[in-house]
Amino acid sequence: MTLYDQLGGEAAIDAAVTIFYKKVLADPRVNGFFEGVDMDRQRLMQKNFLTLAFGGPTNYTGDGMKPAHQKLVDKGLNDQHFDAIIEHLAVTLKELGVDDALIQQAGTIAETVRNDVLCR
């Protein structure tokens, strides 16, 4: 069974992304990176990405991680910001009642894209 299925599928990913972005947009460490961003589109892209990353069915057609994040890296996106995002993901999943082992698995998956997100 995939992590996507273990988390609860599409409904769980939808809920997680909604809560996640409320946290991100309230966090002064990272919210500046989302100024002027179409958040409806951003949420959809995030849902599609997490669905893909966690093993669910997806039609993800977005840019690769490096091209999608290069402008943010140019604005100063770094490991501290990535850590804050991972923190928000973990707290969000915890609030949704996800088991710690599954939260750790999600974090491990998220870590696999760190270097691409940070354009290294």
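The values are calculated or read from the model by the stated rules, or taken from the named source; none is laboratory data. This one's a predicted model, so the numbers in the text were calculated from it and none came from an experiment. All Cβ positions, even for glycine, are placed from backbone atoms using ideal geometry, and neighbour counts span all protein chains on display.
Observations on the structure shown:
- Only listed residue being touching a residue at least 24 places away in the same chain (Cβ under 8 Å) and either out of contact with any Pro (no Cβ under 6 Å at 6 or more places or on another chain) or assigned to a helix (DSSP H, G or I) (or both), chosen from Lys22, Lys71, Lys47: Lys47
- Scanning region 2-19 for residues that are over 14 Å from Ala106 (Cα atoms) and without any contact (Cβ under 8 Å) to a residue 60 or more places away in the chain, we see that the one that is surrounded by the most Cβ atoms within 10 Å (Cβ to Cβ) is Asp14.
- Sub-9 Å Cβ pairs linking a first residue in region 106-120 that is more than 17 Å from Val17 (Cβ to Cβ) and part of a helix (DSSP H, G or I) to a second residue that is of a type in the set (Lys, Arg) and modelled with pLDDT of 95 or more, at least 6 apart or interchain, are Arg114/Arg120, ordered by first then second residue.
- Taking region 85-100 as the range and being in a helix (DSSP H, G or I), more than 13 Å from Val17 (Cα to Cα) and either of a type in the set (Val, Ile, Thr) or more than 16 Å from the chain's Cα centre (by Cα) (or both) as the test, only Asp100 passes.
- Selection count, region 25-44, where residues are among the aliphatic types (A, V, I, L, M) and assigned to a loop (DSSP other than H, G, I, E, B): 2
- Number of the exception - Ala26 against (1) within 24 Å of Gln6 (Cβ to Cβ); (2) of a type in the set (A, V, I, L, M, F, W, C); (3) surrounded by fewer than 14 Cβ atoms within 10 Å (Cβ to Cβ): (1)
- Of all residues in region 3-59, none satisfies the criterion of being at pLDDT below 95, touching a Gly at 6+ places or on another chain (Cβ under 6 Å) and over 30 Å from Lys75 (Cα atoms).
- Within region 70-105, considering residues that are touching a helix residue (DSSP H, G or I) at 6+ places or on another chain (Cβ under 7 Å) and farther than 21 Å from Phe34 by Cβ, the one surrounded by the fewest Cβ atoms within 10 Å (Cβ to Cβ): Lys94
- Some residue of region 45-67 being buried (at least 16 other Cβ atoms within 10 Å of the Cβ) and of a type in the set (Lys, Arg): yes
- The set of residues in region 62-120 being closer than 28 Å to Asp5 by Cβ and among the basic types (Lys, Arg) consists of Lys94, Arg114.
- Flag if Leu52 is over 11 Å from the mean Cα position of the chain (by Cα), under 16 Å from Gly9 (Cβ atoms) and touching a residue at least 24 places away in the same chain (Cβ under 8 Å): no
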